[in-house]
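Heads up: the structure comes next, in structure tokens.
The values are calculated or read from the model by the stated rules, or taken from the named source; none is laboratory data. Just so it is clear, the structure is predicted and the values come from calculations on it, not from any experiment. No Cβ is skipped: glycine too gets one built from the backbone with ideal geometry, and neighbour counts run over all protein chains shown.
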Amino acid sequence: MKCNFCREEIAEGAKVCPLCGSPTDHEDMQPEEDMPEQDPQFSGQTPINGTLYLVLSVLAALLCCLPFGIIGIVFSSRINSQQKNGDYEGARTSARMAKVFLALSLVLALVIGIAVSCAADGFLTFDGEKGWSASDILEDSEELQTAPEDGEDGVDGDLDGLVGGVKPAKQESELGDNWDLYTVQINERVVTLPCEYKDLEAAGLTVDESLGMDNDGMVPGGGYLIGYLVDAGGNSLTAEFINPDDKAKKVQECLVGGITVGEYDLKEEGLKVTFPGGIRIGDTKEKIAGKYGEPEETYEGDNLHIFTWNDAEMYFSTVEADFDSETGKLVQMSIKNYGNENMDEN
């Protein structure tokens, strides 16, 4: 028996035509000799499987791009009916349009998928002047980072031998000029690292609990935790809370061994953070090198130049200055001193 629609040979008992997908009604099937002659204009034409286009368009709407998928469904649904009515040219046009919107759905889905994946991984940032570009900070940090051994540099939260020996430093009243004094002036108050939380609280800073911290603000025994301090005006800085004791403590009960401040942390007015030698955010390389001497380590990336001064005798005692590679201006400063057992108590 032949399909009433496309004249394809249909096996006995088949429910749909294997070529065009049209449903079969065996009672109405006509023998081949009784089938009407096909329009000579379309003689030898290969029928179009509109069902396949419809299925693909539905998948495109669900999985790729809903608007283009819906348009593809509209064109796909016309194909079989147009062929049944003898409008083969219209069926070909509908199939062609369905193909176009299927392709558009796929391309748009790929573009969106790549963009979302890159943004989620932090590879894209938006600059109002430059548009979308690879993250400058990420490029520099990837070049700098190396995989430390377990327990090295405190990456596992362990103070590595300083446990029990870390004590508050003697608090100086003057800032001084040398970087290894580990002094920081916050507004008019000078603190020396490592200091107690109350020393920073007296300078008008408190723990910014709105940002949240790991372990609910509890520092494990013999470990450290990164947190944030904020003043009444919304200015902030990053602090490293260290706990040399055996039992976990709240950050407010710990020592502060490190302070980091960047240009985006400070408002135009309010908090003023000054490092030894009178160094502040916005100062030049030349000024800092003139105060601290040549750094032990330097790094020059496309976007950041980094100077580092290290204490040869104390592993957790460093100063790091990050400069914008174009302007040469200081954009972030970090000073760290976890101390040792020889440091004097207050």
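So here's what we get for this one:
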item	result
Residue match in segment 217-234 (condition: in a strand (DSSP E or B), touching a residue at least 40 places away in the same chain (Cβ under 8 Å) and of a type in the set (D, E, K, R))	no
Selection status of Ile281, more than 32 Å from the chain's Cα centre (by Cα) and either surrounded by 18 or more Cβ atoms within 10 Å (Cβ to Cβ) or more than 21 Å from Asn187 (Cβ to Cβ) (or both)	no
Residue satisfying condition, being farther than 16 Å from Asn178 by Cα, touching a Ser or Thr at 6+ places or on another chain (Cβ under 9 Å) and of a type outside the set (Phe, Trp, Tyr), within set Leu255, Leu271	Leu271
Output for segment 285-309, where each listed residue is within 15 Å of Ser325 (Cβ to Cβ), charged (D, E, K, R) and assigned to a strand (DSSP E or B)	Glu300
Of residues in segment 305-316 being at pLDDT 90 or above and in contact with a helix residue (DSSP H, G or I) (Cβ under 9 Å, 6 or more places away or on another chain), the one nearest to Ile335 (Cα to Cα)	Trp309
Any pair with Cβ under 8 angstrom, 6 or more apart, that starts in segment 300-321 at a residue that is touching a residue at least 60 places away in the same chain (Cβ under 8 Å) and ends at one that is in a strand (DSSP E or B) and aliphatic (A, V, I, L, M)	Leu304/Val331; Ile306/Ala321; Trp309/Val319; Val319/Met333; Val319/Ile335
Flag if Asp127 is of a type in the set (Asp, Glu) and either surrounded by 12 or more Cβ atoms within 10 Å (Cβ to Cβ) or modelled with pLDDT of 80 or more (or both)	no
Residues satisfying the stated conditions in segment 284-317, i.e. within 21 Å of Thr192 (Cα to Cα) and surrounded by 15 or more Cβ atoms within 10 Å (Cβ to Cβ)	Ile288, Lys291, Tyr292, Thr308, Trp309, Asn310, Asp311, Met314, Tyr315, Phe316, Ser317
Residue in segment 247-273 that is farthest from the chain's Cα centre (by Cα), counting only those that are over 25 Å from Ala289 (Cβ atoms) and free of Cβ contacts under 8 Å to residues at least 40 places away in the same chain	Lys247
Condition met for Pro276 (surrounded by 13 or more Cβ atoms within 10 Å (Cβ to Cβ) and free of Cβ contacts under 8 Å to residues at least 40 places away in the same chain)	no
Filter result for Gly86 (over 13 Å from Leu56 (Cβ atoms) and without any contact (Cβ under 8 Å) to a residue 24 or more places away in the chain)	no
